Amino acid sequence: VNGLNFELDLTDNLYYYGDSYGVSVALSSSIVVVGCPFFYYSLTNNSEILTGSSVDIYNLETYNSSSNKYPLYSITNSFDATYTNSTFGESVSIVYSGLLNTSILVVGSSNVNSNIGATYIYTQSFNGNYLHYQTLNGFVSNGYFGGVVKIDPSGSNRIVVGNKSTGSAVYVYELNTTTNQWVLNGTLNQDRNITGSLNFIDTKPYFLGSQPSGSNYGNSVSIYGDTIIIGSPNDMYYYEWSGSTVLRNRGSVYFWKKCSDATDWFLLEKSFGNENILESNNLGYSVDIYNGNAIATSTKDISQFSSSYIKNTINKRFD
């Protein structure tokens, strides 16, 4: 901000035993949000005094790492009494809402209520505090709802919630301007059907009758206006040829679109990695979209390095 660099950290006089500070981050103007699903500190080497989860909010315009090093506001997990393996703050997203005239903070926690998961919405009050506003609850046992969250930075107030691990569906919430509550507007299910032929070198692709579960559809999500991008890094499993025991997963990225005169979301495009170049791509491990520009990363399990989009390595399938 204005040429200044900051380091945000958990700094105190306690003995450090472990934390997940920074596992999720979000930025809106000069406001930075840092998630810490689990922290554990003690006064001595064997005397525990503090454990829990938190989401810290900083204002970089007023933050000073040497004198005023503490967050502007800190939210602690008050929804799950058991902090072991806590996930409160594993995903965060923030944006200023002109409609509500306040900042909207979204916090995901996928293991609450026996791994059903939940997403918590906070609004900033007049004195700067962030107060709990609404809870979006998951739908199925072990659904891990809230593993990834994203609120639209373009101003639509839409919230997208993924489950990050089960690969079943991604949920879209719209703000009801009459009640000022977020309501479920769409469920974006995975399309794992492949039509047409895929280009392999010297071999013909052989697809399983039913692909293995765990495609991680919804491992990453992003939204900008009427477009949603969803990553599915373990999607599109295939054998190299009939009878082969070598199983690859190219990974894929889904683009969803909502037309201005429609109420439903439509699958516009499914992109997937080129099997001849990157083999197991895990394309879609993380994604982002902003104002018509999208990026998707590939961890490439079988290779020794990872990358974001590489020119000429993406094949596309259109519906």
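The values are calculated or read from the model by the stated rules, or taken from the named source; none is laboratory data. Not measured: the values here are computed from a predicted model. Quick reminder, even Gly has a Cβ in these numbers, built from the backbone with ideal geometry, and neighbours come from all protein chains shown.
Before moving on, here are some points about what is shown:
- Spans of strands (runs of 3 or more DSSP E) in the stretch 95-165 with at least 2 residues in contact with a Ser or Thr (Cβ under 6 Å, 6 or more places away or on another chain) and of a type outside the set (A, V, I, L, M, F, W, C): 102-109, 118-124
- Note on the stretch 166-190: among residues that are part of a strand (DSSP E or B) and small (Gly, Ala, Ser), the one that is farthest from Asn142 (Cα to Cα) is Gly186.
- Ser86 being among the polar types (S, T, N, Q), surrounded by 15 or more Cβ atoms within 10 Å (Cβ to Cβ) and modelled with pLDDT of 90 or more: no
- The requirement of being over 12 Å from Ile223 (Cα atoms) and modelled with pLDDT of 85 or more is satisfied by Asp264.
- Ser114, sole failed condition from (1) exposed (fewer than 15 other Cβ atoms within 10 Å of the Cβ); (2) at pLDDT 90 or above; (3) of a type outside the set (Phe, Trp, Tyr): (2)
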